[in-house]
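Working notes for the structure below.
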Amino acid sequence: MNGQFDRLNRREFVKSAAAIGAGWWVLADSRSARSYQANEKLNLAIIGAGGRGNANLGAVASENIVALCDVNHERAAGAFNRFPDAHHYEDYRKLYDDLEDQIDAAVVSTTNHSHAPATAMALRRGKHVYCEKPGAHSVYEARTIRELAAEKQVATQLGTQMHATDNYRRIVERVRAGAIGQVQACHIWLRSGRGGLGDRPTDTPPVPEGLNWDLWLGPAPYRPYHPIYRNGHSWWDFGGGELGNMGCHYFDLAFWVLDLCAPRTVRAEGPEPHPESTPERLHVCHEFPARGERPPVTVTWTHGSRPPEIFAEHDFPNWAWSVFVGSQGMLLASYSNHLLWPEDQFADYEPPEPTIPSSIGHHAEWLAACKTGSPTGCNFDYSGPITETVLLGNVAFRSGQKLAWDAERLEATNAPEANAFLRRDYRDGWTL
């Protein structure tokens with residue numbers, strides 16, 4: 001990334017967070033360029049209005065909902081009925097073409113395999129975008145989205161909502177204040193193990209009423225409808241397994257605490273890779289280089305019922321899914337809790353005074369940024385490297401190679417065969 005859109009320094013975010021409020025901002029290099037007053041409502045397009053999209057819709061319903069799009073009219077019926085005067089679509093490509101001059105921003109909550117093309121179409125038109133995690137299905141898509149957002153200078157936010165919590169802020173402050181010394185490693189364990197479904201089904205049940213199956217497939221390869229595919233996380237063509245599903249939520253905390261960007265190596269262990277379905281268990285190890293005075297650090301991801309060694313060796317509370325290992329102790333973390341470990345060692349610990357301001361809300365940050373240019377905590381320049389890192393774990397697993405990663409060139413320099421998993425082909429009619 002170049003100059004003015006280099007990754008947002010976290011200290012700069014802290015200093016500027018208080019600036020969220022009244023003001024003006026003119027979008028640069030955008031066909032939708034206009035100025036906003038802070039109390040002016042945005043004209044929003046909701047891409048994916050059922051399921052998770054309905055929750056996101058509720059968080060931005062204070063704005064003008066101009067259009068709703070969903071391939072499943074039955075699932076999105078509640079949202080369509082709530083906003084009967086909005087334009088209703090099945091195909092977001094047609095929505096963008098028809099209403100380009102009527103919308104300011106888009107909220108993308110489609111299935112994972114459609115995140116990037118739906119987001120890219122909005123960004124190319126100069127629209128602000130809020131996109132659910134992971135924001136991309138491939139490493140190449142994640143990089144493209146990041147670069148498009150930088151080029152268009154629009155407000156962006158990835159749907160890693162826990163980034164806005166005070167718990168995360170207190171964890172960052174404690175580790176950066178030296179509570180556990182120099183951090184050498186972070187270990188993440190997701191106990192669930194969805195996946196391992198094997199070959200595609202051979203039966204072809206009818207498509208449910210109200211579902212446009214061809215549009216649901218979008219850029220993915222065609223196959224006959226089957227309800228098992230609706231769990232897209234379990235199939236490579238539609239998702240990235242439990243790592244692709246939850247990785248951005250969990251890696252977000254590690255990236256923020258440790259000021260990470262791109263790993264230098266990635267290796268993965270699990271069952272024999274299946275060409276169609278994602279694994280029910282996986283262990284990935286990312287090695288990151290030194291950052292200034294901070295030493296190199298290892299971040300591991302494990303999903304499935306078999307715990308990582310550090311969890312097996314210690315009697316950690318069941319809520320802990322992340323462990324930061326420092327030279328002077330450990331810090332356990334979850335979405336809502338954190339604990340210095342061993343507890344008796346830190347019985348008299350005095351935490352530092354809070355320095356990171358509370359968020360006005362994850363969605364509210366984005367809405368304010370659209371209007372005023374104020375910062376968002378998970379803008380695509382910050383969250384893009386998280387998504388890339390998460391998806392690289394699947395690349396290492398599927399290729400069976402330990403990757404020597406060159407982030408600038410976007411390639412594994414030691415394993416050319418792995419680079420085939422960095423991007424995917426789209427069906428005719430679909431583009432990034």
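Every number in this text was worked out from the coordinates using simple rules, so none of it is lab data. Here the structure is a predicted model, which means the values were calculated and not measured. Glycine also receives a Cβ, built like all others from the backbone with ideal geometry; neighbour counts cover every protein chain displayed.
Tabulated results
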| read-out | value |
| --- | --- |
| Cα shape, the chain, gyration tensor, a/c 1.5 rule | oblate |
| Estimated inter-spin distance, SER327 and ASP214, nm [label 7 Å along Cα→Cβ] | 6.3 |
| The stretch 216-289, dipole about Cα centre (Lys/Arg Cβ +1, Asp/Glu Cβ -1), debye to the nearest 20 | 160 |
| Under Karplus coefficients 6.51, -1.76 and 1.60, residue-wise ³J(HN,Hα) of the stretch 371-386 in Hz, glycine/proline x | 8, 10, x, 5, x, 10, x, 10, 4, 5, 6, 7, 7, x, x, 5 |
| Taking the chain and dividing mean pair separation by its residue count, relative contact order in percent (alpha carbons under 8 Å, at least six apart) | 22 |
| Cα-centre dipole for the stretch 106-248 with unit charges at Cβ (Lys and Arg positive, Asp and Glu negative), debye to 20 | 540 |
| Sequence-distant residues sharing a close amide H with HIS87 (under 5 Å, placed H) | ALA67, LEU68 |
| P(r) weight above 16 Å for the stretch 64-128, C-alpha pairs, percent | 43 |
| Computed over the stretch 31-182: relative contact order in percent, which uses C-alpha pairs under 8 Å that are six or more apart | 20 |
| Whole-Hz couplings from phi, Karplus 6.51/-1.76/1.60, listed for the stretch 145-156; x for Gly and Pro | 5, 4, 5, 5, 4, 5, 5, 7, 6, 10, 7, 9 |
| For the stretch 287-364: rounded, prolate or oblate by the Cα gyration tensor [a/c cutoff 1.5] | rounded |
| Sequence-separation-based contact order of the stretch 120-262, relative, with Cα cut under 8 Å and 6+ spacing, percent | 26 |
| Hits among lysines - C-alpha to C-alpha of LYS127 under 19 Å, sequence gap 8 or more where chains match | LYS41, LYS94, LYS152, LYS371 |
| Mean ellipticity per residue at 222 nm, deg cm²/dmol - from DSSP H runs of n ≥ 4 across the chain, formula -39500 (n - 2.57) | -9000 deg cm²/dmol |
| Rg and Dmax [Cα atoms of the stretch 276-432; Å; Rg one decimal, Dmax integer] | 19.7, 63 |
| Hz values of 3J(HN,Hα) by residue in the stretch 133-138 - Karplus curve (6.51, -1.76, 1.60), Gly and Pro given as x | 6, x, x, 7, 9, 9 |
| Chain lengthening between ASP348 and ALA177 when straightened (0.36 nm per residue, less Cα-Cα) | 60.0 nm |
| Percent of beta bridges antiparallel (DSSP, the chain, rounded to nearest 5) | 55 |
| Global form of the stretch 220-356, assessed from the alpha-carbon gyration tensor, a/c cut-off 1.5 | prolate |
